[in-house]
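A.B. asks: Mind having a look at this structure? Questions to follow.
What follows draws every value from the coordinates through simple rules; no lab data is involved. Since we're looking at a predicted model, the values are computed, not measured. Neighbour counts run over all protein chains shown; Cβ positions are idealised from the backbone, glycine included.
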Amino acid sequence: MAAKKTAKKKAKKKTAKKAVKKTARKKAVKLWTKSELNTLKKEYPKSDTKKLARKLKRTLEAVRFQAKKHGLKKTKSFMQSLYKAASKPAAKKKATKKKATKKRRH
């Protein structure tokens, strides 16, 4: 009788351990469909990666990984447009600072 009780207790402990392991598992990997890959190949070189990730309902890292895997790169013209867009606000800030310093001196 005592052997049966200890066997039941061991069985309960094992099921409790299994439950912990199940909750610790990661989510299943979502495979890329052909249409998603086609969209990636068309739009990645000339569009913002964050916007593309939202459109595909994928993480930014997943989009970057697939792009690298398929040898995709951003076009030169797209990269230059990013550079121009980033440098314009900086030029405006400098101009406003100069105006502010001129007003103080007078």
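A.B. asks: Quick one: plug the Kirkwood hydrodynamic radius of the stretch 29-88 (C-alpha pairs) into Stokes-Einstein at 25 °C, 0.890 mPa s, and report D in µm²/s.
C.D. replies: On the way: Rh = 12.0 Å.
It comes out at roughly 204 µm²/s.
A.B. asks: Still on this structure, please answer the following. Counting other beta carbons within 10 Å of each residue's own, what order do 56, 37, 31 fall into, fewest first? All intermediate terms of the calculation are to be shown ahead of the outcome.
C.D. replies: Values: 56 19, 37 14, 31 6.
With the sparsest Cβ surroundings first, the list reads 31, 37, 56.
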